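The values are calculated or read from the model by the stated rules, or taken from the named source; none is laboratory data. Keep in mind it's a predicted model, so treat the numbers as computed, not measured. Note that we place each Cβ from the backbone using ideal geometry, even for glycine, and neighbour counts take in every protein chain shown. Heads up: the accessible areas ignore ligands, DNA and RNA and are worked out on the full protein's heavy atoms, side chains in. Shrake-Rupley method; radii C 1.70, N 1.55, O 1.52, S 1.80 Å.
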Amino acid sequence: FGSVATPVAPIVNAVTSVPLVKKVMHKTIGVHDHKSLPKYSHGTFRRWYKKEVSDQSIYQQQVHYFHGCFVNYNHPQLGKDFIKVMNNMHIGVQLLDKEKCCGVPLIANGFHKKAQKNAEFNVANLEAAIERRDVPILSTSSTCSFTLQQEYPHVLDVDNSKVAKKIEYVTRFIL
């Protein structure tokens, strides 16, 4: 939904805040009408990265970044801040060629087959990134990093053994 919502984020954010719409969402898709949905950003982190980020290969030390859905569609500033911190530590940040949702929302809502497909897609892209450059894979989402490492093999039966030890939550890496 994020890829559909971001181009028209102000409209989506306004509509999903209307009490009547919240009641309809509660009845149809189970989002409680007392809860607020995360606001969508007008534009994605990935698009910003491709347009605005300087050449990261100038840094001797490198990391791969699994930004996840929340950074890409809802809070690009977190990804921008991550790059700023890494670059100030003289570390370049490389995005994966492609990534999909880590799968937590799918798992939580019982869509295990779709989550498994996302996991297989992500593992293939993580493996390709490691083949190109054998450096850590960082995430600014503890949920994503845990899912990529632990949930893929144990919940979704997806082999991530070639990349699991490379995946870290950003704070652990910094420490």
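For residue 87, indicate whether it is of a type outside the set (Lys, Arg), in a helix (DSSP H, G or I), surrounded by 14 or more Cβ atoms within 10 Å (Cβ to Cβ) and under 16 Å from the mean Cα position of the chain (by Cα). No, not satisfied.
Please work out if residue 39 is assigned to a helix (DSSP H, G or I) and of a type outside the set (Val, Ile, Thr).
no
Among the residues here, residue 92 qualifies as open to solvent by less than 40 Å² (accessible area, probe 1.4 Å), more than 29 Å from residue 115 (Cβ to Cβ), touching a helix residue (DSSP H, G or I) at 6+ places or on another chain (Cβ under 6 Å) and not in a loop (DSSP other than H, G, I, E, B). Taking the criterion of being under 26 Å from residue 77 (Cβ atoms), among the β-branched types (Val, Ile, Thr) and either open to solvent by 60 Å² or more (accessible area, probe 1.4 Å) or within 20 Å of the chain's Cα centre (by Cα) (or both), the residues of the range 1-47 that qualify are 4, 6, 8, 11, 15, 18, 44. Among all residues of the range 48-56, there is at least one that is within 30 Å of residue 133 (Cα to Cα), open to solvent by 30 Å² or more (accessible area, probe 1.4 Å), more than 15 Å from the chain's Cα centre (by Cα) and of a type in the set (Val, Ile, Thr).
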